[in-house]
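The values are calculated or read from the model by the stated rules, or taken from the named source; none is laboratory data. Just so you know, these numbers come straight off a predicted model, no measurement behind them. No Cβ is skipped: glycine too gets one built from the backbone with ideal geometry, and neighbour counts run over all protein chains shown. Areas reflect the complete protein model, heavy atoms only, side chains present, ligands, DNA and RNA absent. Shrake-Rupley method; radii C 1.70, N 1.55, O 1.52, S 1.80 Å.
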Amino acid sequence: MTDSAEGRMRLTVLGGYLGSGKTTWLRHQLHEGKFKDAYIIVNEAAETPVDDALLGQSSRLSVLAGGCVCCTAKADLIALLRKLCDERSVSGAERLQQIVLETSGLADPGPIVAAIKADPVLVYHIVVSEIIVAVDALNALSQLKTEPLGRRQIETADRLIVTKADVAEEGTVKTLLATLKTLNPLAKLLGASMGVEIPLPEWEGVAPEHLPDLLHDEVRPPIIPARLYIDDSIDWTAFTVWLSALLHARGEDIVRVKGVVRTPAGRLLLQAVRKVVQSPEILPEQNDMREDNMIVVIGRGFTPEQLKRSLKHFAGR
């Protein structure tokens, strides 16, 4: 998408399925000085935000937590964008030129763009300049077979960032690239590892993955976020065993786990995608009143109460 009206702020929508690496990619862009003067908006479906902890390079950042901005939190997004427009119009204020919206992994970029175009105020002040969607090379092919949301995200993109392309099997990456080109022939394809751009393998002539009809998926349980508080009654070693066992048993239902916990080594970022637990990362101390010791589990086929009872039974002292 291009801006045909001079003077409007440019909005970049950064989307992608749960665990696709959106925040890692954005963090590296900020580290490299890209989006330097942009206002960053981070949207998380869970009430306890985590991803903004990784974006310390941005001095202008707002968090919209507790719902996706494509649906339940749409009004909050519109209100924030209108506020930015009002501040920009103040005489003498530094004029904001760019906004980057990192959506929840459960968000569909299409309704976000439609909402901005339909708003009588925003349509004159903001133009969606690009939709970037991160695609997880390790998990995307299986997700695309079962998750219609993942397909909708890819179909709306101007640019597709294939993340973790260096650790996935080359044959898998080639098949994924062919599949992405079938879903969105016009999107630009780029590879990334920990946010750093890397070359993609040559895939011309490779057959795309067969993707089944997903009309039946409408009756599947919805994906929901559940919050688990890791208090002093939880044994840390037992918690790690519980989490590993949970992912092994329910890895297809639990699509994302993330949270910040305090340990003797410092503030530790925990993340998992499906059955894969990523290497923990020590975060710097921050005076942001963040609610640490809170783990967010995102998936389907369970209730928050069931997870809480399971954790307490397994890891409670």
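Of the residues examined, residue 174 is one that is modelled with pLDDT of 95 or more, basic (Lys, Arg) and not in a loop (DSSP other than H, G, I, E, B).
Summed over region 188-200, the residues that are under 19 Å from the mean Cα position of the chain (by Cα) and either open to solvent by less than 40 Å² (accessible area, probe 1.4 Å) or hydrophobic (A, V, I, L, M, F, W, C) (or both) give a count of 8.
Can you confirm whether region 222-229 contains a residue that is free of Cβ contacts under 8 Å to residues at least 40 places away in the same chain and over 21 Å from residue 271 (Cβ atoms)? Checking region 222-229: not a single residue is free of Cβ contacts under 8 Å to residues at least 40 places away in the same chain and over 21 Å from residue 271 (Cβ atoms). With respect to residue 259, is the statement that it is within 23 Å of residue 43 (Cα to Cα) and open to solvent by less than 20 Å² (accessible area, probe 1.4 Å) true? Judged against the criteria, residue 259 is a match.
When region 208-244 is limited to residues that are open to solvent by less than 50 Å² (accessible area, probe 1.4 Å) and in a helix (DSSP H, G or I), the one that is modelled with the lowest pLDDT turns out to be 217. I'm trying to understand the selection: among the residues of region 61-114, which are closer than 18 Å to residue 16 by Cα and either among the basic types (Lys, Arg) or assigned to a strand (DSSP E or B) (or both)? Result: 63, 64, 65, 74, 99, 100, 101, 102.
Of all residues in region 129-162, those that are within 20 Å of residue 100 (Cα to Cα), in contact with a strand residue (DSSP E or B) (Cβ under 8 Å, 6 or more places away or on another chain) and either in contact (Cβ under 8 Å) with a residue 60 or more places away in the chain or open to solvent by 20 Å² or more (accessible area, probe 1.4 Å) (or both) total 13. When the test is whether a residue is among the polar types (S, T, N, Q), in contact with a Gly (Cβ under 7 Å, 6 or more places away or on another chain) and either assigned to a loop (DSSP other than H, G, I, E, B) or at pLDDT 90 or above (or both), residue 24 passes it. For region 32-41, give me each residue that is touching a residue at least 60 places away in the same chain (Cβ under 8 Å) and either surrounded by fewer than 20 Cβ atoms within 10 Å (Cβ to Cβ) or within 14 Å of residue 161 (Cα to Cα) (or both). Of everything in region 32-41, those that are touching a residue at least 60 places away in the same chain (Cβ under 8 Å) and either surrounded by fewer than 20 Cβ atoms within 10 Å (Cβ to Cβ) or within 14 Å of residue 161 (Cα to Cα) (or both) turn out to be 35, 37.
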